[in-house]
1. Please give me the summed charge of the neighbours of Ser70: other residues whose Cβ is under 11 Å from its Cβ, Lys and Arg +1, Asp and Glu -1.
2. Can you give the Rg/Rh ratio of the chain, where Rg is from the C-alpha atoms and Rh is the Kirkwood radius?
3. What number comes out for the charge environment of Val97, summing +1 per Lys or Arg and -1 per Asp or Glu over other residues with Cβ under 15 Å away?
4. So how many Å³ per residue does the convex hull of the Cα atoms of segment 69-163 work out to?
5. Name the most mobile residue of Pro81, Pro102, Pro129, meaning the one with the largest mean-square fluctuation, in a Gaussian network model of the chain with Cα contacts below 10 Å.
6. Rank Asp124, Asp151, Asp142 by mean-square fluctuation in a GNM of the chain with C-alpha springs under 10 angstrom and give only the top-ranked residue.
7. Given R₀ = 25 Å, what would the calculated FRET efficiency be for Tyr111 paired with Ser70, taking r from the Cβ atoms and rounding to 0.05?
8. Keeping to pairs on different chains or 8 or more places apart, tell me how many lysine pairs in the chain have Cα atoms under 26 Å apart.
Amino acid sequence: LYGGANQAAIQFGYGSASNFKSTLNAPTSKINDSWSFLVLDNFMIQPWDELSIMFMLAYQETDNGQDKDSRSSWITSGVRPVWHFTRELGLAFEGSVDYTDPFAGSAGELYKFTIAPQITPDWDFAVRPILRVFFTYALWSDSFKGRIGGDTYRRNTDGIAAGVQVEASW
C-alpha cells in the first residue's frame, strides 16, 4: 500500500522465556509463575518520494510471578512522519504516548515529541545507514515524578534530550 509495509506480532513468554530474552532479569523462586504477553503492529507508508510515515501500536501485559503486586501493563502508540527534502536530506518528526500501570504503583502517561534532521543514502523510510541529530521534549504524569529520567529529572514532570543517532543494518 503506497510503497509501504506492515509488521504485526503476537508474543507469549512463560517462565524463563517470560521476558522475551535468552537471559533472566533477576533470579527468583517464582520464575515458573511469570509470563508476558505482547501484541504490536508497525505500519509504514510512503505515498510519494518526499513523504514517508510510520505508525506503531503495542500492548504488553506482564506478571513477574510474585504473590503480591506482580503485574504490570503498558500500551504505546506513536507516529513518525519524515519529509525528504532531497534523496539524502530529510526531517523526521515523532510523537508518541505511553500509558503504564505497574499495579504496585501509580499508573500514568509519558508523552514525547522529537524533531530530527537526518542524512540518508536514499528516499526510502527503511534505508540504512541513517545519521540523525535529534531534539526530544517529554512530559509525564505527576505519578511518575522521581521515577523517570534518573537524578537529572527526579523533581520534574518534563524534560529534554538531544544528541546524535546512527542507525545501520547488515
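1. -1
2. Result for the chain is an Rg/Rh of 1.03.
3. -3
4. Hull volume over Cα atoms, normalised by residue count, gives 106 Å³.
5. Highest fluctuation of the listed residues: Pro129.
6. Largest GNM mean-square fluctuation: Asp151.
7. 0.35
8. Summing the qualifying lysine pairs gives 5.
All of the numbers you see were taken from the coordinates with simple rules; none came from a lab. Everything numeric in this text was worked out from a predicted model, so none of it was measured. Positions of Cβ are generated from backbone atoms using ideal geometry, with glycine treated the same way; all protein chains shown enter the neighbour counts.
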